[in-house]
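Asker: Could you have a look at this structure, given as structure tokens, before my questions?
The values are calculated or read from the model by the stated rules, or taken from the named source; none is laboratory data. Since the structure is predicted, the reported quantities are computational estimates derived from the model, not experimental observations. Quick reminder, even Gly has a Cβ in these numbers, built from the backbone with ideal geometry, and neighbours come from all protein chains shown.
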Amino acid sequence: MENTPLIEFRDVSKIYHMGDEIIRAADHISFKIYKGEFIAIVGQSGSGKSTCMNIIGCLDVPSEGEYFLGGKNVGKMNTNQLAEIRNEMLGFIFQQYNLLPKLNLEENVEMPLMYAGVGKAERLKRAIEALASVGLAEKAKHLPNQLSGGQQQRVSIARALVGHPSVILADEPTGALDSKTGRDVLKILQELHKAGNTVVLITHDNSIAATAQRIIRLEDGRAVYDGPSDNPDAFVHSEFGMHAGDGAEEEEE
Ligand SMILES: Nc1ncnc2c1ncn2[C@@H]1O[C@H](COP(=O)(O)OP(=O)(O)OP(=O)(O)O)[C@@H](O)[C@H]1O
Ligand SMILES: [Mg+2]
């Protein structure tokens, strides 16, 4: 099963009903992502990024078409099975870190292992290892609000890594950070990729997407480009004529 994609969308659509109106937030999207790839899903506000992220992250299922994660058909799973495969296969990094404010860093990072039923001693050991891998082991007993934004995002990366997930899924991971700190976080993602991890980065920012190897660009729920990030077509932007490198300081929506 060497050639089984880690992630496969087969003609996936997500349909929302707003009164009489039908919105196709994802419109017949197909792609395959293989182990070890670093891929960015990019597109303007409303293009369907979060819709795809929720499906990839097993937080939602397609209305039509099929989603396979590690060869398993996720669309057929119930809520418990979704939670299980999510915990086993995916590590999440969010824009707003989502750290629990009353827990110290070590306790935040060991959270996914708790859900996975790993014992206390092993959890502690692995949480400290993960914190060390982002340069924060010495702050293990600190609370999140005693850290800078960039440090908090590194803690959330440690939390994403601690369960050794098959896929690291990062949704606008630099969105809340200044550009220098954002670059440091992107560097960590690139290092994780070099170490063999599969990274899926979701962003509206072309210059951030350009750090990935491969780009899938969404427009109105459709995948209009899927290919290498060094092709200018990856970033052609119909309204504003933006190209790779633009938009680093673009406003948040
Ligand atoms: N729960 C929902 N009910 C109805 N429409 C929705 C829902 N969620 C998303 N949509 C619509 O689906 C489309 C895609 O939304 P989505 O959130 O995936 O975009 P996005 O690319 O993540 O945008 P942003 O960059 O602003 O986060 C939009 O037109 C949005 O209004
Ligand atoms: Mg979104």
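Asker: Exactly one condition in (1) touching a helix residue (DSSP H, G or I) at 6+ places or on another chain (Cβ under 7 Å); (2) closer than 30 Å to A137 by Cβ; (3) aliphatic (A, V, I, L, M) is not met by A83; state its number.
Answerer: (1)
Asker: Return the only residue of G46, G36 being closer than 29 Å to A210 by Cβ, touching a helix residue (DSSP H, G or I) at 6+ places or on another chain (Cβ under 8 Å) and either near ligand 1 (Cβ under 9 Å from one of its atoms) or in a loop (DSSP other than H, G, I, E, B) (or both). I'd like the intermediate steps shown before the answer.
Answerer: Working: G46 fails: touching a helix residue (DSSP H, G or I) at 6+ places or on another chain (Cβ under 8 Å).
Residue meeting the stated conditions: G36.
Asker: Go over the candidates E88, E64 one by one and state the one that is surrounded by fewer than 18 Cβ atoms within 10 Å (Cβ to Cβ), out of contact with any Gly (no Cβ under 6 Å at 6 or more places or on another chain) and at pLDDT 95 or above. Spell out how you get there, then give the answer.
Answerer: On the way: E88 fails: at pLDDT 95 or above.
Of the residues listed, the single one that is surrounded by fewer than 18 Cβ atoms within 10 Å (Cβ to Cβ), out of contact with any Gly (no Cβ under 6 Å at 6 or more places or on another chain) and at pLDDT 95 or above is E64.
Asker: Just to verify a result, which residue in the range 156-177, among those that are within 16 Å of ligand 2 (Cβ to nearest atom) and outside any loop (DSSP other than H, G, I, E, B), is surrounded by the most Cβ atoms within 10 Å (Cβ to Cβ)? Full working, then the answer.
Answerer: Step one: filter the range 156-177 for residues within 16 Å of ligand 2 (Cβ to nearest atom), giving 169-176.
Right, trim to outside any loop (DSSP other than H, G, I, E, B) and you get 169-171.
On the way: L169: 25, A170: 28, D171: 21.
Of everything passing the filter in the range 156-177, A170 is surrounded by the most Cβ atoms within 10 Å (Cβ to Cβ).
Asker: Can you find a residue in the range 221-228 that is in contact (Cβ under 8 Å) with a residue 60 or more places away in the chain, away from ligand 2 (no atom under 16 Å from the Cβ) and closer than 30 Å to P101 by Cα?
Answerer: no
Asker: Is it the case, given these coordinates, that E107 is of a type in the set (D, E, K, R), within 16 Å of ligand 1 (Cβ to nearest atom), surrounded by fewer than 19 Cβ atoms within 10 Å (Cβ to Cβ) and more than 18 Å from the chain's Cα centre (by Cα)? Steps first, answer last, please.
Answerer: Details: of a type in the set (D, E, K, R): yes; within 16 Å of ligand 1 (Cβ to nearest atom): no; surrounded by fewer than 19 Cβ atoms within 10 Å (Cβ to Cβ): yes; more than 18 Å from the chain's Cα centre (by Cα): yes.
It is false that E107 is of a type in the set (D, E, K, R), within 16 Å of ligand 1 (Cβ to nearest atom), surrounded by fewer than 19 Cβ atoms within 10 Å (Cβ to Cβ) and more than 18 Å from the chain's Cα centre (by Cα).
Asker: Filter the range 80-97 down to the residues that are within 16 Å of ligand 2 (Cβ to nearest atom) and not hydrophobic (A, V, I, L, M, F, W, C), then identify the one that is nearest to the chain's Cα centre (by Cα).
Answerer: Taking the range 80-97 as the starting set, the residues that turn out to be within 16 Å of ligand 2 (Cβ to nearest atom) are 92-96.
From what is left, the residues that are not hydrophobic (A, V, I, L, M, F, W, C) are 95-96.
Numbers: Q95: 10, Q96: 13 Å.
Of everything passing the filter in the range 80-97, Q95 is nearest to the chain's Cα centre (by Cα).
Asker: Among I15, I41, I56, I29, which is the only one that is under 23 Å from H204 (Cβ atoms), surrounded by fewer than 15 Cβ atoms within 10 Å (Cβ to Cβ), within 15 Å of ligand 1 (Cβ to nearest atom) and among the β-branched types (V, I, T)? Lay out the reasoning, then the answer.
Answerer: Values: I41 fails: surrounded by fewer than 15 Cβ atoms within 10 Å (Cβ to Cβ); I56 fails: surrounded by fewer than 15 Cβ atoms within 10 Å (Cβ to Cβ); I29 fails: surrounded by fewer than 15 Cβ atoms within 10 Å (Cβ to Cβ).
Testing whether each residue is under 23 Å from H204 (Cβ atoms), surrounded by fewer than 15 Cβ atoms within 10 Å (Cβ to Cβ), within 15 Å of ligand 1 (Cβ to nearest atom) and among the β-branched types (V, I, T) leaves just I15.
Asker: Considering every residue within the range 66-79, establish whether at least one is of a type in the set (A, V, I, L, M, F, W, C) and over 17 Å from the mean Cα position of the chain (by Cα).
Answerer: From the range 66-79, those of a type in the set (A, V, I, L, M, F, W, C) are 68-69, 74, 77; that's our starting set.
Checking which are over 17 Å from the mean Cα position of the chain (by Cα) leaves us with 74, 77.
Yes: one or more hits.
Asker: Okay, moving on. Taking the criterion of being in a strand (DSSP E or B) and either among the polar types (S, T, N, Q) or under 19 Å from G91 (Cβ atoms) (or both), would at least one residue in the range 189-199 satisfy it?
Answerer: Initial filter on the range 189-199 (in a strand (DSSP E or B)): 198-199.
Narrowing the set further to residues that are either among the polar types (S, T, N, Q) or under 19 Å from G91 (Cβ atoms) (or both) leaves 198-199.
Checked against the condition, which is being in a strand (DSSP E or B) and either among the polar types (S, T, N, Q) or under 19 Å from G91 (Cβ atoms) (or both), the range 189-199 yields at least one hit.
Asker: Sticking with this structure for a sec: Hey, can you tell me all the residues within the range 119-133 that are surrounded by 18 or more Cβ atoms within 10 Å (Cβ to Cβ) and not charged (D, E, K, R)? Don't jump to the end; show me each part of the working.
Answerer: Here is the first cut: in the range 119-133, the ones surrounded by 18 or more Cβ atoms within 10 Å (Cβ to Cβ) are 123, 126-128, 130-131, 133.
If the condition is that a residue be surrounded by 18 or more Cβ atoms within 10 Å (Cβ to Cβ) and not charged (D, E, K, R), then A127, I128, A130, L131, S133 are the ones that fit.
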